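To start, the structure itself, in structure tokens.
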Amino acid sequence: MERIIVEKANFLSKKGFEVFILTTEQQDKPTFYQLENNITHIDLGVNYSEYNSLFLKIMTLYFKEYKHKKSLKKIVTKYKPDIIISTFENEASFLPKLKDQSKKILEFHFSKGYRLAKKRKGLLFLVDWYRTQCEIKIAKKFEHFIVLTEEDKLSWYQLSNVSVIPNFIHSISECSNFSRKELLSIGRLSYQKGLDRLIKAFKIVHETYPEWKLFIYGDGEERDWLLGLIQEYNLVSSVVIHCPVKNIGEIYCNSSCFVLTSRYEGLPMVLLEAMSYGLPIISYDCKCGPKDLINNGLNGFLVPESNIEELANAIMKLISNRDMMIEMGRNAKVESQKYEREIIMQKWIDLFEK
């Protein structure tokens, strides 16, 4: 989300828009992604994530929200923006109440009900359910509410202000040549990404195709557990978890297929990126995103959610037929061109002019 916001801001700045980015948690750290020189970045110093203790977070929330509101109102009064965009963080609950001349847009980088997809129990489930209901009420108060996929738009049927503008990718000339027997997955090592399911499916694949390898790029709280799972299944020489890298394009080009096993998504950028490098994609039919991107059997395979055996079968079907792999990869690249930056950003500009 941080990367796409910066790239969107840079694009608009080059088109002559005056762009301000407000953050709350920067804590004097430099931005990870490079901003254009004429973009103004202001950190409000709220620091909602200052404390690890849930008790302290709850006790200080009111005061931090007060500081956030006061600081934001001061900035809006000073610069008088025409448009304010929220990414559905804390400001979303009070931004529509600001009495200024700006149009307020809310954008959502997840999918409705993603909190409930975590399947937490007891009181935590009730908290997730309540926050999900609050999101509907909040979204109603904005002039426009932007979601990433047509599938997710259907979930917000209570709202009349919903539009779809997906994330974008850059035009890529490089392509995989399918010379390596390597499967690829990229994502945070977390419950959401479901990489335990991928490792279980690859165990089945490995029994028939022991020469193939699975490379996972990412970091996160489940790293040690996933490494233990790899060891338990005797896949240490075939499944490797790498830390995130800068030269990700090279990694895509060295792979022959991309696999996504997330339990929920918004619009997975890794799928779009893999497609842009001409990789066929195999994904669980999770909510949301894969259904918008995958034409089943044409540019990849859409597998029933949670079905380990079907996931393994889809992988084996593809790697056993190189001609199919190449054809699907070619189709994936063509499909990805619909999501190139100039096309998607024109949708934003059209919305601003409207």
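The values are calculated or read from the model by the stated rules, or taken from the named source; none is laboratory data. All values derive from a computational prediction rather than experimental measurement. Reconstructed Cβ throughout: ideal geometry from the backbone, glycine too, with neighbour counts over all protein chains shown. Remember, those area values only see protein heavy atoms, side chains included, never the ligands or the DNA or RNA. Shrake-Rupley method; radii C 1.70, N 1.55, O 1.52, S 1.80 Å.
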| request: Select from the stretch 226-253 the residues that are part of a loop (DSSP other than H, G, I, E, B), among the hydroxyl-bearing types (Ser, Thr, Tyr) and open to solvent by less than 60 Å² (accessible area, probe 1.4 Å) and list them in ascending order. | output: TYR233, SER238
| query | In the set ILE105, ILE172, ILE165, which member is under 30 Å from GLU335 (Cα atoms), touching a His at 6+ places or on another chain (Cβ under 9 Å) and open to solvent by less than 90 Å² (accessible area, probe 1.4 Å)? | reply | ILE105
| Residues ALA332, ALA274: which one is open to solvent by less than 10 Å² (accessible area, probe 1.4 Å) and over 16 Å from the mean Cα position of the chain (by Cα)? | ALA332
| Going through the stretch 336-354 one residue at a time, which ones are open to solvent by 40 Å² or more (accessible area, probe 1.4 Å) and within 21 Å of TYR277 (Cβ to Cβ)? | GLN337, LYS338, GLU340, ARG341, GLU342, ILE343
| remark: Here the residues within the stretch 1-39 that are surrounded by 14 or more Cβ atoms within 10 Å (Cβ to Cβ), modelled with pLDDT of 90 or more and not hydrophobic (A, V, I, L, M, F, W, C) are GLU7, LYS8, ASN10, SER13, THR23, THR24, GLU25, GLN26
| request: Just give me the residues in the stretch 297-354 being touching a Pro at 6+ places or on another chain (Cβ under 8 Å), of a type in the set (Gly, Ala, Ser) and part of a helix (DSSP H, G or I), in sequence order. | output: GLY329, ALA332
| request: Go through the stretch 197-224 and give me each residue that's touching an Asp or Glu at 6+ places or on another chain (Cβ under 9 Å) and of a type in the set (A, V, I, L, M, F, W, C). | output: ALA201, ILE204, TRP212, LEU214, PHE215
| query | Can you name every residue in the stretch 180-210 that is in a loop (DSSP other than H, G, I, E, B) and either touching a residue at least 60 places away in the same chain (Cβ under 8 Å) or of a type outside the set (S, T, N, Q) (or both)? | reply | ARG180, LYS181, GLY187, ARG188, LEU189, TYR191, GLN192, LYS193, GLY194, TYR209, PRO210
| message | Anything in the stretch 138-159 that is open to solvent by 30 Å² or more (accessible area, probe 1.4 Å) and either modelled with pLDDT of 95 or more or closer than 29 Å to ASN10 by Cβ (or both)? List them, or say none. | response | ILE138, LYS140, LYS141, GLU143, HIS144, GLU150, GLU151, LYS153
| task | Scan the stretch 108-131 residue by residue and report those that are outside any helix (DSSP H, G or I) and surrounded by 16 or more Cβ atoms within 10 Å (Cβ to Cβ). | result | PHE108, HIS109, PHE110, SER111, LYS112, GLY113, TYR114, ARG115
| query | Is it true that some residue in the stretch 195-207 is at pLDDT 95 or above, loosely packed, with under 14 Cβ neighbours inside 10 Å and not β-branched (Val, Ile, Thr)? | reply | yes
| task | Restricting attention to the stretch 211-225, report how many residues are open to solvent by less than 80 Å² (accessible area, probe 1.4 Å) and either outside any helix (DSSP H, G or I) or among the small types (Gly, Ala, Ser) (or both). | result | 10
| task | Kindly indicate the residue of the stretch 254-271 that is within 17 Å of ARG115 (Cα to Cα), touching an Asp or Glu at 6+ places or on another chain (Cβ under 9 Å) and of a type outside the set (A, V, I, L, M) and also surrounded by the fewest Cβ atoms within 10 Å (Cβ to Cβ) among those meeting that condition. | result | ARG263
| query | Yes or no: PHE108 in contact with a strand residue (DSSP E or B) (Cβ under 6 Å, 6 or more places away or on another chain), of a type outside the set (Lys, Arg) and under 19 Å from ILE21 (Cβ atoms)? | reply | yes
| field | Set SER49, SER86: member being at pLDDT 95 or above, open to solvent by less than 90 Å² (accessible area, probe 1.4 Å) and not charged (D, E, K, R) | value | SER86
| note | Residues in the stretch 252-266 that are at pLDDT 95 or above and over 13 Å from LYS181 (Cα atoms) total 4
